Amino acid sequence: MESISHNKFFNKLAFLLFFWLGCQDADYKLDNVSDPFNLDLAPPAIFFHPQNISDVGVGDTFSVKLYTYDLPEVAGAQMQVLYDRGSLVVDSVSVDTFFLIETMPLLFPDSSDVDGELDVFIFSLPTEVKQNVSGTDAMARVYFSVKSPGISELKYNPSETRFVNFQNENILIKSYGKSFVDAQ
């Protein structure tokens, strides 16, 4: 009889301990340098992910995502990405999920590689009930090849970058992020 009550006591203690530990709030340290709110950007903003690329060498290919941060209702974008054409070559550009409504968005990249400028035009395809998209997500992915070693900067050209809503009204972008490529 003593062992049965002894077991009940330990079962109840184990249950209470499990319940108490399960109800404790987690104490997470939010210090991921890739999180938009850790990049010192004021939304609405656009930035590159990853922000720093250092594990590439001459002849290697890498990709960087063109990201939004807390964009309001938008339907399309024209972005100009500036890069060091002496060190990097644009291989290709692919669409990502930000402008996706029901079907994949339209993407028109233009890279002449003459001036180190990549123009990206991307538009959502509206439906009867949804014409704009908003939030934080990847718009496109750019694939680069490394031509020569050194540190290169990727940045947006604010004077040649614009976002519009379905009514073709400009959407103000407050911050533009940069990315750095350290090729060996």
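The values are calculated or read from the model by the stated rules, or taken from the named source; none is laboratory data. All values derive from a computational prediction rather than experimental measurement. Every residue, glycine among them, receives a Cβ derived from its backbone with ideal geometry; neighbour counts consider all protein chains shown.
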- Item | Extreme residue, nearest to Gln80 (Cα to Cα), among residues of the range 91-133 that are of a type in the set (Ser, Thr, Tyr) and surrounded by fewer than 18 Cβ atoms within 10 Å (Cβ to Cβ) | Ser112
- Consider only pairs whose beta carbons are under 6 Å apart and that are at least six residues apart or on different chains; among these, list those whose first residue lies in the range 154-179 and is farther than 15 Å from Gly116 by Cβ and touching a residue at least 12 places away in the same chain (Cβ under 8 Å) and whose second residue is aliphatic (A, V, I, L, M) and outside any strand (DSSP E or B). Asn165/Ala75; Phe166/Ala75; Lys174/Ala42; Ser175/Leu41; Ser175/Ala42; Gly177/Leu39; Gly177/Leu41
- Filter the range 96-144 for residues that are small (Gly, Ala, Ser) and under 13 Å from Tyr67 (Cα atoms); which is farthest from the chain's Cα centre (by Cα)? Ser134
- Message: Residues that are modelled with pLDDT under 95 and within 25 Å of Pro149 (Cβ to Cβ): does the range 65-82 have at least one?
- Response: no
- Only one of (1) of a type in the set (A, V, I, L, M, F, W, C); (2) within 19 Å of Lys65 (Cβ to Cβ); (3) free of Cβ contacts under 8 Å to residues at least 60 places away in the same chain is not met by Leu88, so which one is it? (3)
- Message: I'd like to know if the range 108-123 contains one or more residues that are touching a residue at least 12 places away in the same chain (Cβ under 8 Å) and touching a Gly at 6+ places or on another chain (Cβ under 7 Å).
- Response: yes
- Message: Of everything in the range 72-86, what is of a type outside the set (A, V, I, L, M, F, W, C), over 18 Å from Phe166 (Cβ atoms) and either under 17 Å from the mean Cα position of the chain (by Cα) or assigned to a strand (DSSP E or B) (or both)? Give them in sequence order.
- Response: Gln80
- Requiring at least 2 residues that are under 30 Å from Gly57 (Cβ atoms), the strands (runs of 3 or more DSSP E) wholly within the range 87-169 are 88-95, 106-111, 117-123, 138-146, 150-156
